[in-house]
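The values are calculated or read from the model by the stated rules, or taken from the named source; none is laboratory data. Computed from a predicted structure; not experimentally measured. Because the Cβ atoms are built from the backbone with ideal geometry, glycine has one as well, and the counts that use them run over all protein chains shown. Areas reflect the complete protein model, heavy atoms only, side chains present, ligands, DNA and RNA absent. Shrake-Rupley method; radii C 1.70, N 1.55, O 1.52, S 1.80 Å.
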Amino acid sequence: MKLDVDVLRYLSKDDFRVLTAVEMGMRNHEIVPAELVDRIASLKHGGTYKVLKNLLRHKLLHHDSSKYDGFRLTYLGYDFLAIKTLVKRGVFMAVGRQLGVGKESDIFEVACEDGTVLAMKLHRLGRTSFRAVKSKRDYLRHRSSYNWLYLSRLAALKEFAFMKALEEHGFPVPSAVDCNRHCVIMSLVQGYPLVQVKELQNPETVFNTILGIVVRLAEHGLIHCDFNEFNIMIDDDEKITMIDFPQMVSVSHQNAQMYFDRDVECIFKFFRKRFNMSFQENTDDADGSDIEADESNRPTFSSISKASGFLDKELAASGFTRKDQDDIEKFIGDVTGKVIGSDDEGTDDGNDTGSDDEGADNEHDSESKEADDIGVGSLRLVDKDESTLKCNEEDEKVQIQQNCEIGQESGLQTQEESVEEEDNDTLNEHDAELTKRIEKQRRRAVAAARGGRKSLSSRNSYKDKGGKSSHNSKIQKQLSNW
Ligand code: ADP
Ligand code: MG
């Protein structure tokens, strides 16, 4: 392992305290006012601004002075918070080379103290095709409570929960190790994505195994929804491992049959093209009414006896709630008309691996730029304090939490709609009088922020371009600095 997370210490305790303060502020601020960061972090007089400058320099924060002087986390900042937490938990100690760039994630090797190598997936929601991002952005305008960091965290939590449940049910998936924020740690899969394989010793066996997985998933009440050669790993013994679960849905989903048929079709299509397999197909495959007579052996949705409640019962145990599921499904389903996983976009042309990857890379550049233009918005982490607090020293936990509460009550919130949408949970807990008081304080604070003196950092025009390639090289650079 050439990278050592030990060097995370090149960021001081104060750096992380301020970074955490921005994260906390993002619970209900798209851009966290500088004064609020200062108040939450509660560093010695003037200290926060110096630290903010340092964090900006390392591109861990983005400075925005369009409405008022404020900050938001960049994906890199979010990465650092997650990595630091996981390192502190002892999950791993070093970050290594990049294993893959998914459409909506970056995957790295990480090493544990005993030398075990695991895979770390950092979710990057919003990094889909340019058009999808645009429509998502339109969607986000209507629902300001959704944002990229929040969705990335949800995607990670969902992936972790599904991976764990699937593993427990004997599915060939990576072993889920841990999860924090937008980051999932799992076992490293030996082998390569099926898309890279030109030849198989036993194509029929592999095909049947893969199809068998789709059927067994449905029997357990689930559809992968992005089941294709990019998300199926295969090793030298032709052993299959299925990966990439954030888009999975229940068989009770309104479009379940369509998703199921699409997953099945992807497999048929790929094996037909790549391995010249021919299938005696029933042309009427979309209609599962005459399953018994389907001589093609193509599994049909209606022929499978499906379990129900798998999602609810098993996933809740990993902290992934029905509400989380609804949230992420709403976003994923409504926006693109298809499910989030867009790996299959590259499968139609029958291109081989290399070109797919290059295409994806170029695409990511503009995508990330676009996602960055959107801004990452507030995090809505209200009910998930634990992840935030774990990265602070024990004695700081209480302090920073208290400061945060103070900050929230007198917060410099400027987006009235988002207060209503995002803070419902919090505000419901307060009585009407308190709500009124907060509202009054808020208005006063907004006025103060607008008329107030600009901080030192606002005079510098920091710009975080956030393009994928720059981001990746940056994380690599940062990591190798550790
Ligand atoms: P995305 O959701 O962005 O498509 P994936 O989970 O499909 O991300 O991962 C992208 C790529 O990273 C995969 O095609 C694979 O090459 C690699 N990868 C993902 N998970 C693992 C793992 N556990 N072990 C080894 N490689 C992995
Ligand atoms: Mg994938």
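Structure notes:
- Filtered by the rule that a residue be of a type in the set (D, E, K, R), assigned to a helix (DSSP H, G or I) and surrounded by fewer than 22 Cβ atoms within 10 Å (Cβ to Cβ), the range 36-85 gives Arg39, Lys50, Lys53, Arg57, Lys84.
- Any chance Gln201 is in contact with a helix residue (DSSP H, G or I) (Cβ under 6 Å, 6 or more places away or on another chain), at pLDDT 90 or above and open to solvent by 50 Å² or more (accessible area, probe 1.4 Å): no
- Applying the set (1) closer than 20 Å to Gly170 by Cβ; (2) at pLDDT 95 or above; (3) touching a helix residue (DSSP H, G or I) at 6+ places or on another chain (Cβ under 6 Å); (4) within 15 Å of ligand 2 (Cβ to nearest atom) to Val214 leaves exactly one unmet item: (4).
- Residue count, the range 220-258 (criterion: within 20 Å of Pro299 (Cβ to Cβ), within 11 Å of ligand 1 (Cβ to nearest atom) and not in a loop (DSSP other than H, G, I, E, B)): 2
- Residue match in the range 259-274 (condition: within 15 Å of ligand 2 (Cβ to nearest atom), part of a loop (DSSP other than H, G, I, E, B) and touching a strand residue (DSSP E or B) at 6+ places or on another chain (Cβ under 9 Å)): no
- Annotation: Phe108 fulfils all but one of (1) farther than 23 Å from Trp148 by Cβ; (2) within 16 Å of ligand 2 (Cβ to nearest atom); the unmet one is (1).
- Filter result for Leu151 (closer than 22 Å to Leu315 by Cβ, modelled with pLDDT under 95, among the aliphatic types (A, V, I, L, M) and buried (at least 18 other Cβ atoms within 10 Å of the Cβ)): yes
- Subset tally (residues that are in a strand (DSSP E or B) and within 16 Å of ligand 2 (Cβ to nearest atom)) for the range 184-196: 4
- Search result, residues across the range 225-240 that are within 16 Å of ligand 2 (Cβ to nearest atom) and over 16 Å from Leu99 (Cα atoms): Cys225, Asp226, Phe227, Asn228, Glu229, Ile240
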